[in-house]
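None of the figures in this text is laboratory data; all of them are computed from the coordinates on show. The model shown is predicted, which means the values in this text are computed figures rather than measured ones. Reconstructed Cβ throughout: ideal geometry from the backbone, glycine too, with neighbour counts over all protein chains shown.
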Amino acid sequence: MVTVTRLGNTLAPATVDYATSDGTANSPADYLATSGTLHFSAGETFKTFSIPLVDDLYVEGNETIKLSLSNPSAGSFFGSPNLATLTIVDNDVVTASPPQLILEESGPDPNQATAFDSVLLLRDPFHVQSLADWLNLGSDRNTRVVVFAANLKLNQGETASAVVVHVVDSSNQSYDVAAEDVRLVPNLDFTQVTFRLPDNLSAGACMVTVKAHGQSSNIGTIRIVLP
């Protein structure tokens, strides 16, 4: 919320235009560009307006937005235009805590991971190759699985491949799979991680961990079935 103070002659109605522009923050990635006109009634000295901020997945540090006031009709707004710098305080703090897989409390295994087929949105067991025959999935038909983790953020400039899903199947074969997509779950403090099931997985329970920034999550399990 931004507050604009009117000085000087406050006995008459007045208007002033406002507009945001990029500082070190960029619209629309970090905030939504905002402009408009504030209308002051006679005797009114304060007006507020909001600048929508974008809560993204990245750890970026504090960033700035430029704000300008122009075209005042009466009173004083510290010059025309009046320039100010607003600071967006970064709330994405990298901590020493590792990622934490979200588990299914009512699952068949005490460590059952909360996981979905990314196309069919079905729970496990998963087939290695997708059953969605009616979709044109191209030559790579392997199932993409979505798991969820807390305390998982990407650093600025990192891509989804910075997160690796470690899979150990029922035959004790292990695979490190780079994530294909990593994004925040809207309105929740969780991150969803999409990865491709490796070829040649054995049927049965697989152990899954998420690795990022040199740290590994707790273990979750998913189940694999073969055709």
* Grab the Cα-Cα distance for Thr24 and Gln156, subtract it from 0.36 nm times how many residues apart they are, and report the gain in nm with one decimal. => 46.2 nm
* Asked: Which value, in debye to the nearest 20, describes the size of the charge dipole of segment 97-188 about its Cα centre when Lys and Arg Cβ atoms bear +1, Asp and Glu Cβ atoms bear -1, and nothing else is charged?
  -> 220 debye
* Asked: At 4 °C and 1.567 mPa s, what whole-number value in µm²/s does Stokes-Einstein give for the translational diffusion of the chain, with Rh from the Kirkwood sum over Cα pairs?
  -> 62 µm²/s
* Take the alpha carbon atoms of segment 1-51, find their center, do the same for segment 142-217, and report the distance between the two centers in whole angstrom. => 44 Å
* Considering the chain as a Gaussian network with a 10 Å cut-off on Cα pairs, which listed residue, Val54, Val193, Val182, attains the greatest mean-square fluctuation? -> Val54
* Could you compute the FRET efficiency for Leu86 and Val225, with r as their C-beta to C-beta distance and R0 at 45 Å, rounded to 0.05? => 0.25
* Asked: Asp189 to Asn172: extension gain in nm, 0.36 nm per residue of separation minus the Cα-Cα distance?
  -> 2.9 nm
* Structure fact -> Mean-square fluctuation maximum in Gaussian network of the chain, Cα pairs under 10 Å, restricted to Gln192, Gln112, Gln156, hits Gln156
* On full extension of the chain, what length is gained from Ala33 through Gln215, given 0.36 nm per residue of separation minus the C-alpha to C-alpha distance? -> 61.8 nm
* Asked: With charges only on Cβ, +1 for K and R and -1 for D and E, what is the dipole size of the chain about its Cα centre, in debye, rounded to 20?
  -> 400 debye
